[in-house]
Every structure is written in C-alpha cells, then in structure tokens.
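The values are calculated or read from the model by the stated rules, or taken from the named source; none is laboratory data. Values in this document were obtained by computation on a predicted structure and should not be read as measured data. Backbone-built Cβ (ideal geometry, glycine too); neighbour counts: all protein chains shown. Side chains are part of the model used for accessible areas, which takes the heavy atoms of the whole protein and leaves out ligands, DNA and RNA. Shrake-Rupley method; radii C 1.70, N 1.55, O 1.52, S 1.80 Å.
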Amino acid sequence: MHRARTVINNLVPLAPLVPKVAPERFASWLAAANCKIILNSPPKRWYNAPVSTEPFLNGSSGSYVEEMYNSWLADPKSVHASWDAFFRNSSSGAGPGQAYQSPPSLALPGRNEAPLSSLAPFLGGSSALGGQVDEKIIDDHLAVQAIIRSYQIRGHHIAKLDPLGISSADLDDRIPPELLYNHYSFDKLPASTSYSDLERKVAALMSQERDMDRVFKLPSTTYIGGKDKALPLKEILRRLETAYCRHIGVEFMFINSLEQCNWIRQKFETPGIMEMDSEQKRLILARLTRATGFEAFLARKWSSEKRFGLEGCEILIPAMKQLIDKSTELGVESIVMGMPHRGRLNVLANVCRKPLEQIFTQFAGLEAADDGSGDVKYHLGTYIERLNRVTNKNIRLAVVANPSHLEACDPVVQGKTRAEQFYRGDGEGKKVMSMLLHGDAAFCGQGIVFETFHLSDLPDYTTHGTIHIVANNQIGFTTDPRHSRSSPYCTDVARVVNAPIFHVNGDDPESVIHVCNVAAEWRATFHKDCVIDIVSYRRNGHNEIDEPMFTQPLMYRKIRNTKPGLQLYAEKLIKEGTVTPEEVKDVADKYEKICEEAYTNARKETHIKYKDWLDSPWSGFFEGKDPLKVSLTGIKEDTLVHIGKRFSSPPPNAAEFVIHRGLERILKARMEMVEARIADWAMAESFAFGSLLKEGIHVRLSGQDVERGTFSHRHHVLHHQLVDKATYRPLCFLYPDQAPYTVSNSSLSEFGVLGFELGYSMTNPNALVCWEAQFGDFNNTAQCIIDQFISSGQAKWVRQSGLVMLLPHGLEGMGPEHSSARLERFLQMSSDDPDYFPPESEEFAVRQLHDINWIVANCSTPANYFHILRRQIALPFRKPLVIMTPKSLLRHPEAKSSFDEMVEGSEFLRVIPETGVASQNPSSVKKVVFCAGKVFYDIKKARGARELDNDIAIARVEQISPFPFDLVKRECAKYPNAQLTWVQEEHKNQGAWSYVQPRFNTALNNTRVVTYAGRPTAASPATGSKNQHLKEHAQLLDDALAL
C-alpha cells in the first residue's frame, strides 16, 4: 500500500473556489451562498425567503427574538426551520452576522455545486441529513477527490518506466515528499479545516486502515468506477495505481480543455480497457520477433558495419505498425515519416516492407547505376505503396531522407505532409498524417523541435496533428541525461502546444501498444499533436563498433544482465498459455529463412540504384519530355493587362471594404503603370504569379511578413480598416478557374519555415513554392536546411526541388545585419567547375542548368525577375533558385520594365549587355564594367555624372551561377581594347568576386586580365556607420570608373 498512501499537494478540484484567508469549516463553506446545500427537501421543491445577513437585533425586534428563542429551547420543531438553524449556529459559537443560514435557492445547482442529498448513501445513515451536517464526511469526500486528482497529475512521477530499473525517467529517483503521508504531522490536527490543512487531512484519511473499506461517491472527473458510482477507498486507490503508476505515465492535466482531459482519463481509467485478446498478443509477438530478428541477422552478417541498430528498443517497430494499423482503420491513406538514423533500416524493412534485397545490397559496397554521390544507408528515405494486411486497405508510406543533423528533417516532413493534404483537398488532415521519430537527447536539445511544434497550429502550416515517438535510450551518444537537459523529461518541449505525453516502459509491449492505439485515436479525434515516450535502452554503444563501458559502466553492466524484450514477452505469453515455446521458435525461424533468401538474392546484384530510395517520386513528370527543352516564359500582353488591372484594383465591394488611404495611392499608381505599359518589382512579381496561376500552377509564398512585404511593396493581402480579420487577396480572384494562391506570414523562424517549404516543394513539381527572408542576412539561421538539403539534396538522394529562396540583399547603410544575404556562400556551394568551359551549342544554357545543383541570380530588372520565376516551371526538371532580391530598387524610378520585355518572344537574360552609346562604337571603349544587381544603377548614374558614357560600357551578370561563360566571352570580345573590371558593392572576400574571377579567366582562356573594384576585405558584411558607408561607396565608384 506504499503508493496507496501517497497524496498530492494543492490539487483539490474545487481549489479555485475555496477562500484562502482565515480558516473556515468546509461544511459551513459548502452551505454558503456560493455552493448551496439542500436539506430535508425533495430535489424539485425549493424555498426562497431572502433575509438580510447583517445583525438585525434592535429595540423593537429583541422581544420577538427572545420569544422565538424560548420556544426553540422548549421544542426545536416548534419554530420555523430558519430559526432552528439560526439558534443552532449561535449555540455553536458563531459570531455576530454569521449565525444566519440562508434557505435553499430556487435556482438549479451551478457549476461545481451539487445537492447534499446526493451524498446521502455515504453519510452514515438518514439522520445525517436530518440534523447537523457531519463536517468530516464532506471533508473526506473532498480528500478523495484530491487523491484522484493527485494521481492524474503526478502519478507519472512514480510509474515504473525504466526497463533497467536503475533510474527515473524524470531524472528524480526520489518520491516527491508531498506524495508521502508521513511528510505531514498528524499528532494535532486542528478541529477546523482550512484549505491549507486539506492535504494533511487527506494523508490522515489514508493512514487509517479502517477508512480503506469506506465507500465514497466518485466525482465526475474520473472513470475508474466504470458503471459503479461509488467505490471503497481501497479499490479507488488500486484502480488509480493501475491506471497511472504501473508501466504507463501520462502527462495531460496541463491541457486547458476539459473535454480532452476527460477523453484521456477515459482511455486509461476505464476498468479493463487495456485487456487484449490472444490474437492481438500473438501479433505483437510476431512483430517483435521480426524486429529483433532483423537486427540479429545484420549483426551476424556484417558485425563490423555501422548500422545504428534498434537493440534495446525493438518494440518501436510493433509500435509504429500499430499506429499505422489504427490510423488506417480511422481513415488515413498516406503517412509521411521522419526519423533519425537509429533503427532506420529496421523501419524500412519491417514497417515500410521495403524489399530486403535492396537493404542488403547497401552493405555490399557496390557501384551506383545512376547519377549522384549517394548517402550512407542509414540516411536514405523511401516511398512505398502497399496493402495493409490488418485493415485490408491501401496505404502510402514515405520515409523522408535525412542527414546526420538530428531533427533537421522535422519541418521537411511537416511541409511534405501539408502539401499532400493540400493537393488531396484534405483540409482536416483525415487522409494524410505525419509521424516523427526522435531520440531523447535530440528531442530536448535541438531548437528545431520547438520551431516545428510552433507550426503545428498555424492555419497555413498545420498538418492537423503529428504523432511523435521518442525512442528514449536514456543516453545521448556518451552523455548522461542529467547532463544533457534541464527539464525533468526529454519530452517537456511538447507541453508548449498542449500535446499529451504518454511515457511507457519499452519492456511492456502491451502497454506500448495500448498507448499507440490511444495516440492514433487522439490524433483522429482532436487533430492535435501527441507524444509517445518509449523508455528503453541502447544495448550497444552509439554504433555497433563503439564501446559504451568507457563512460556508462554501471548502466551497461546492468544492460548486459537484462533479458531482451522479446525473451521477456515470449516468457510471459508462454506462462499465461497464449503461445507455446515451439510456436515462438517457429515464428523466429520463419523470419530467419526470409532474411537468408533475401541475402542470397542480394549477393547476385552488381549495382545499387539510388532511385530505389527516392522519398518523393513525381509520377509522370519526366516521362515523354525532352530533358533539354525549356518552355517559353513570355506571355500575351492581354494577360499582363488583365492581371495588372486586377492587382491594381480595390476589392469589388470597395464601398463597404475600407482600405488604408496609403493603399489607395499605391493602387492608383499601379493602375497608372499598367496604362503606361511598365511594371515595377511588385507588379512584375504579380505578373509571374498570376500568369502561372492562370496556367493551373499552384503558387505558395511564405516567410516573415511576406503578405505586405518587409519593405511595404507587395500588399498581396488588403486589410479592412474597421473590421478584424476581413481581408482581400487580389491574386486569388484573377480568373474563375485559376490555381489556388497561398500567401502566408510565417512564425518568426527561418530553420523551421524554410525546411517546411522545402518539404512542400518536394511533393509536386507543378507548383511554385517561394520562401522569402525578412532580410537575406537572416537566412544563415536556416543554414542547416540550405547545406544539408537544398544544395546537396539531389546529389545525395536523387531528389529534385524547385524551391525559390528570395533573399533581400544590398549594402545600403543599414548596418551589418541588414546588408548581405551572403551571396558568396551560395556561390561557393555551386557545383559547376570554374576551369571547365562547356561546349557551346544551342542547348548551352539549359544544359548548364541541368548539370548544376542550384541556380543563383541577382536580377536588376523587374522583367528578368518575372522571367526567372516563370522559368522555374518552364524547365523540364527542377532546381532550387536562390535570388538576391532588391530593397531600394523596389521603388527606384529606373528599376522598371516595359511590357515589351515580358510579352511573347521575350526571355530571361543571363547577361544584360551594354545598350547605350558605348555599344555603338565598341572599339573606342576603354573599360568594360561587369556587375550584378543594384550596384549597376549607382555605376550608371556616376558614369553619366562624369560624362564617361562613351568610354565605359556596363554589363550586368544576372545569373551568376551557373556562370554564363558564353555570353561573358561574347561581351568581352565585343570590346577588344577595353580594360575588364568586376565591380561589386560587397567586400572583396564576400560577394561574387571569388566565384567569378576564375570563371572569367576560363571564359577568356586567360588571355585578358579582369581587375577588381569594390570594398576591401572585411570580417563584417557592412559598417554600422552611415558616414563610413558613404565614404566606402564613393571610393567604390571612383575605382570602378577610373581609367
């Protein structure tokens, strides 16, 4: 009865209603106006006689009261019940003004109120209602409610969660002192019961054996009674222990929804709810056998290979399969999964049922049959469509490829899931769901977990509930959890979104499966996240060739002496007669035979195929296409005018929809541009988006403040100035049959949101998915996504993406963190060879795009921006696009493009050559300046001011990578006598110079020298001094235009 004598502090359900000042009797408190008690009255017959509760004795009423008092002394029944109550209270010592007891109200009981008659069976006889209320009975019932609530809130702290039995999952081996009744002093319990004394009365109640057989009415906040409305205290405690203190610990009472809390209580408290039939137990055993057998087979065949096996947490496989079975039963048709490397091969083999031959060939060290650099076997993803044998329904399973950067794939999975839901029209997440697996150390240690959780309820990012599974090894590589987290549990991060957390002992398979059923039902019912924390251990070191005894000697001594989970469960089932030893052996032998056959077949393979591991196949996209044919990007002028007018018009119900006066001016200016056949940056972007929407291409723009635009230039969402949440999105109403347009301000996250949009872009190639940074400088917060996924994803995982990154860039005196998108980093990661000039042909440009890992551009005109966005969809393949977008150019009077540069026949210009007077007499030109982006307008203005238009030609390199060798060569050849200079506003060790310098040499075959003009090297991207900025800028122009 050790736990039966535990009690919790401050957990009375009615606590908020209890006065916390001077001590009050609970019976008297219940009888007060806030919580009416019905005495001697049938439920429907109530009386009301309002009387002042203030002292009422005065000269005229004193004699009347004295007469009534004498009558009461002779016979209490001879006076009205109200006088009887008044005189009884006075005789008991009630102070002036406190003896009066108001009669029962006519109103029905309010919240947390009940007629005292409902306690009649538990008051020890009918006389209890006829006379003075027994204060102890009410106190004892309150104490029982406190006990029940204490188990619901704190029971997980003393649940037996660790299969090794050496530590507590919450890092505290002690039972909190307030859970022990002997923590309190019972020698002198006060006669009155104040709120602060309640916990001591609870402990006193539990410390007396005679109270254990007393029957108590159960409150509505528990389901332990089943059909019984009352139980003996002993049985109440036993059932609470069974529900909350065995091998499952549930954290849920922090959830601020009574409906959700009651739902969880019902799933764990209802008597017999965890019972399973023999067929279910046999299925668990078979799945556990396969999971264990797979790891054992790999260990035998490749004993010295790293595979990050699942030994110690093999129950993860039956758990995942049960989640899939239950979710499929509840209507889910597609599940997108993300996971770290531990157990990945087992998941691919036994959850996804990927052919074992393909897994085994990864160990053989064979050459690849297709392009790409590949990745290690425990990082690879897959996509499988198969029949679920349990539910007899088809299910799609995708495991997203991931790098060693733990948890980095979390937002990618969410984005891919959201996209699948969008394209299926699954607005409630009933058909597509995500499942994320985590390690304990990473789940609490990696900030991306928090960022991903905070996307879970945002309207344009929610996936309507993710099931998180933590394979809790109770160690991170070599680090003890006591040194790797400050929170009690590794799962505490999930509490921020009110996700229930189910801790479960990994060596109790039936408890694990029950928790999985609850999790799947929770997700299907509430469409919110939940967490399953499988507390287990890691039988080997961090990998199979690592020695864990160096750092965890005691833990691993215990592990060496711990029976595997399969053996424990098999012995349990044999003991209870569910299976025989022969059946256990037969299941294991059958799986061993399957593995041996696959191993034999795998040895016949001569190559591995990266395409077998693709996690996001695009069915039909590449078939029948010329891989080097690009569709045209120019469009009809009628389309430009139509989109421009819609984009420049107020909402159709303009009389009722009040927009900001500043927006009225902006819309008017836009309409004037349409009439003048020119477009600024925002207009050109709307032309690109609108024309793609017209063609049935879904466009999604996401990022911080993108609806308005960081620089207040876009205004894709107009807000009613007088009505909250009333908005108008002009690009959503261009054509009746257009594709959907999504524009959404994101949470203040780069890592999480960029990862999300990458996952979104992987799902369907026929969509333009754009992520815009608030300032380009902030993209390095998402460096992990850029490095591990975007730049190298196709090479590692044969996975294409057409994601567009819009990075505001330019040195404009705004300081070190608002100047540079770090162009140099993207160029450094570009995979084209600086020393190789590809063969010139008509397909030169598209072949370059086909062969490179991504495209990096710094456009200087709205028209080129329009074309490069449309080209993303016009290409017969997909490549990520990184654009250095402007800031001051958004409103620069010269940064406008004529419709002629966007109509049919026009295209993206990789290099914009000189078109002024210098180009008409090229042999006399003394200098050719090459540059990219905004600095062109500064150089052009300075050239005009210095009257050097005849002497200096300016060429703009719009697409920096892949480098336009052919066009640069042609432009240089046009000016044979000119000095060649690369000009940039970035510092010399930043910007494009390091990238373009060797490529200029290759383009010119080292026959001419290209000099540098720009800022000198620096550690910081820009100065914080406006004065210094202007000096540097002036010097830059002097160097650029010096002859």
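Quick notes
- Residue in segment 781-788 that is part of a loop (DSSP other than H, G, I, E, B) and modelled with pLDDT under 95 present: no
- Test result for Ser961, modelled with pLDDT of 95 or more, within 54 Å of the chain's Cα centre (by Cα), open to solvent by 10 Å² or more (accessible area, probe 1.4 Å) and hydroxyl-bearing (Ser, Thr, Tyr): no
- Scanning segment 445-473 for residues that are farther than 20 Å from Ile785 by Cα and of a type in the set (Gly, Ala, Ser) returns Gly465, Ala471.
- Yes/no for Val798 being of a type outside the set (D, E, K, R), in contact with a Phe, Trp or Tyr (Cβ under 6 Å, 6 or more places away or on another chain) and either without any contact (Cβ under 8 Å) to a residue 12 or more places away in the chain or open to solvent by 10 Å² or more (accessible area, probe 1.4 Å) (or both): yes
- Verdict on Leu827 being in contact with a Lys or Arg (Cβ under 8 Å, 6 or more places away or on another chain) and either in contact (Cβ under 8 Å) with a residue 24 or more places away in the chain or outside any strand (DSSP E or B) (or both): no
- The set of residues in segment 666-718 that are open to solvent by 10 Å² or more (accessible area, probe 1.4 Å), under 25 Å from Tyr423 (Cβ atoms) and basic (Lys, Arg) contains only Lys694.
- Checked against (1) within 36 Å of the chain's Cα centre (by Cα); (2) at negative phi, His527 meets all criteria but (2).
- Candidates Thr1002, Thr1011, Thr1017: the one that is more than 39 Å from the chain's Cα centre (by Cα) and in a loop (DSSP other than H, G, I, E, B) is Thr1017.
- Qualifying residue in segment 1023-1034 (condition: open to solvent by less than 10 Å² (accessible area, probe 1.4 Å), modelled with pLDDT of 95 or more and not in a loop (DSSP other than H, G, I, E, B)): no
- In segment 340-392, the residues that are at pLDDT 90 or above, of a type in the set (A, V, I, L, M) and under 21 Å from Lys416 (Cβ atoms): Val347, Leu348, Val351, Ile384
- Some residue of segment 766-780 being touching a helix residue (DSSP H, G or I) at 6+ places or on another chain (Cβ under 9 Å), assigned to a helix (DSSP H, G or I) and closer than 26 Å to His716 by Cα: yes
- Boolean, Tyr591 is among the hydroxyl-bearing types (Ser, Thr, Tyr), in a helix (DSSP H, G or I) and without any contact (Cβ under 8 Å) to a residue 24 or more places away in the chain: no
- In segment 998-1043, the residues that are touching a Phe, Trp or Tyr at 6+ places or on another chain (Cβ under 7 Å), within 18 Å of Pro964 (Cβ to Cβ) and of a type outside the set (A, V, I, L, M, F, W, C): Arg999, Thr1002
- Residues in segment 801-833 that are open to solvent by 20 Å² or more (accessible area, probe 1.4 Å) and among the hydroxyl-bearing types (Ser, Thr, Tyr): Ser831 only.
- The set of residues in segment 493-516 being more than 22 Å from the chain's Cα centre (by Cα) and part of a helix (DSSP H, G or I) consists of Pro509, Glu510, Ser511, Val512, Ile513, His514.
- Out of Thr781, Thr742, one residue alone is surrounded by fewer than 20 Cβ atoms within 10 Å (Cβ to Cβ) and under 25 Å from Pro1021 (Cα atoms). It is Thr781.
- Residue count for segment 803-855, restricted to those that are more than 33 Å from the chain's Cα centre (by Cα) and of a type in the set (Ser, Thr, Tyr): 2
- Filter pass, Glu914 being within 45 Å of the chain's Cα centre (by Cα) and among the acidic types (Asp, Glu): no
- Residues satisfying the stated conditions in segment 589-617, i.e. under 17 Å from Phe297 (Cβ atoms) and either among the aromatic types (Phe, Trp, Tyr) or open to solvent by less than 40 Å² (accessible area, probe 1.4 Å) (or both): Tyr591, Cys595, Ala598, Tyr599, Ala602
- Of the residues examined, Leu573 is not one that is within 30 Å of Leu718 (Cβ to Cβ), open to solvent by less than 60 Å² (accessible area, probe 1.4 Å) and in a helix (DSSP H, G or I).
- Candidate set: segment 442-451, residues that are in contact with a helix residue (DSSP H, G or I) (Cβ under 7 Å, 6 or more places away or on another chain) and open to solvent by 10 Å² or more (accessible area, probe 1.4 Å); chosen: the one farthest from Val518 (Cα to Cα): Glu451
- Segment 67-185 holds helices (runs of 4 or more DSSP H) entirely within its bounds, and those carrying 2 or more residues that are surrounded by 15 or more Cβ atoms within 10 Å (Cβ to Cβ) and at pLDDT below 75 map to 127-130.
- Condition check for Ser303: exposed (fewer than 15 other Cβ atoms within 10 Å of the Cβ), among the hydroxyl-bearing types (Ser, Thr, Tyr) and farther than 30 Å from Ile475 by Cα: no
Condition check ((1) over 30 Å from Gln362 (Cα atoms); (2) modelled with pLDDT of 95 or more; (3) of a type in the set (Ser, Thr, Tyr)) across all residues:
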residue	(1), (2), (3)
Lys796	no, no, no
Arg799	no, no, no
Pro808	yes, yes, no
Met814	yes, no, no
Phe826	yes, yes, no
Asp835	yes, yes, no
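- Residues (touching a Phe, Trp or Tyr at 6+ places or on another chain (Cβ under 9 Å), under 21 Å from Arg424 (Cβ atoms) and either among the aliphatic types (A, V, I, L, M) or open to solvent by 10 Å² or more (accessible area, probe 1.4 Å) (or both)) located in segment 322-379: none
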